[in-house]
Amino acid sequence: NAGVTQTPKFRILKIGQSMTLQCAQDMNHNYMYWYRQDPGMGLKLIYYSVGAGITDKGEVPNGYNVSRSTTEDFPLRLELAAPSQTSVYFCASKHTQRGANNSPLHFGNGTRLTVT
Amino acid sequence: AQSVTQLGSHVSVSEGALVLLRCNYSSSVPPYLFWYVQYPNQGLQLLLKYTTGATLVKGINGFEAEFKKSETSFHLTKPSAHMSDAAEYFCAVSETGFQKLVFGTGTRLLVSP
């Protein structure tokens, strides 16, 4: 099993450029998440999705957009890149039944993004 | 609102020494608690989790954690550190009925020979 796959691994953007971070999982998980990780700040939730066609904002959604057209894919879009978006981005997924919230997250290996 | 506090951004131990990483949580309802480990240039991996039942939870690689409701703590321990334990460790909390995990700021464990 591939698990959660993120592409690209690294990317350098100029201010104002746009890009899409790709995330795909092959575990048929219904829940998917995007986090950003900054030194000393832990992980902050950007967006999440509880199933195809359903997305919601996390703690730090400004400057980002997501879509979930299939169960497998959950791309993260940056429309106008800013230096504050320099970070490591992690996609994660889990399978959860109604009322059960103890399933662990499965993480991808991350995308390291630099905006200059 | 749920939150997690990890005391100490860096912890240094000698190989063979006890590892103790501290985590305190805040939650308005009984929480689910997790410890994750992150090795360099990798994503996070689950070490262990507490849901209900036994308060002492055993995880992978010899780690364990004890849920203490009276102290709102979920500290991570390992009796004897190994060089391969050097990594960053994250405590996380999730509340019943909510599907979002809130992470602490992480503790980097350094192991010296």
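Quick note: the coordinates plus some simple rules give every number you see, no bench work behind them. Computed from a prediction, not measured in an experiment: that's the story for all the values here. For neighbour counting, all protein chains shown are included, and Cβ atoms are generated from backbone atoms with ideal geometry for every residue, glycine included.
The stretch A:19-98 and the stretch B:1-66 have Cα centres lying 23 Å from one another. Under the combined filter of DSSP loop state and at most 14 neighbouring Cβ atoms within 10 Å, the stretch A:27-103 retains these GluC sites (Glu not before Pro): A:Glu59, A:Glu79. Backbone amide hydrogens, once placed in the peptide plane, bring A:Gly3 within less than 5 Å of A:Asp26, excluding anything fewer than 5 places away on its chain. So for the protein assembly as shown, taking the charge dipole from beta-carbon charges (+1 Lys/Arg, -1 Asp/Glu), which of B:Ser12, B:Leu48, A:Cys23 sits furthest toward the positive end? Comparing the listed Cα positions along the dipole, A:Cys23 ranks first.
Counting only other residues whose beta carbon sits under 11 Å from that of A:Asp26, what net charge do I get with K and R as +1, D and E as -1?
Details: positive: none; negative: A:Glu72, A:Asp73.
Here the count lands on -2.
When only C-alpha pairs under 8 Å and at least 6 residues apart count, what is the relative contact order of chain A, in percent? Result for chain A is 35 percent.
Loop-located trypsin sites (Lys or Arg not before Pro) across the stretch A:1-80 with a Cβ neighbour count of 15 or fewer within 10 Å are A:Lys9, A:Lys14, with loop assigned by DSSP. Coupling constants for the stretch B:9-17 follow from the phi torsions by the Karplus curve (6.51 cos²θ - 1.76 cosθ + 1.60, θ = phi - 60°), and in residue order they are 7, 9, 10, 10, 9, 8, 4, x, 7 Hz; glycine and proline get x. Residues in the stretch A:46-62 carry Karplus couplings, in order, of 8, 9, 8, 9, 9, x, 4, x, 10, 9, 8, 6, x, 6, 10, x, 4 Hz; the curve used is 6.51 cos²θ - 1.76 cosθ + 1.60 with θ = phi - 60°, and Gly or Pro positions show x.
Remark: the stretch A:83-96, residue by residue, has Karplus-estimated 3J(HN,Hα) of x, 5, 8, 5, 5, 10, 10, 10, 9, 9, 9, 7, 9, 9 Hz, where x stands for each Gly or Pro and the curve is 6.51 cos²θ - 1.76 cosθ + 1.60 at θ = phi - 60°.
Can you check what the net charge comes to around B:Thr107, using other residues whose Cβ is under 11 Å from the Cβ of B:Thr107 (Lys, Arg +1; Asp, Glu -1)?
Working: positive: B:Arg22, B:Arg108; negative: B:Glu88.
After counting each charged neighbour, the total is +1.
Taken about its Cα centre, the stretch B:1-88 carries a charge dipole of about 240 debye when Lys and Arg each add +1 at the Cβ and Asp and Glu each add -1 at the Cβ.
Taken about its Cα centre, the protein assembly as shown carries a charge dipole of roughly 220 debye when the Cβ of each Lys and Arg holds +1 and the Cβ of each Asp and Glu holds -1.
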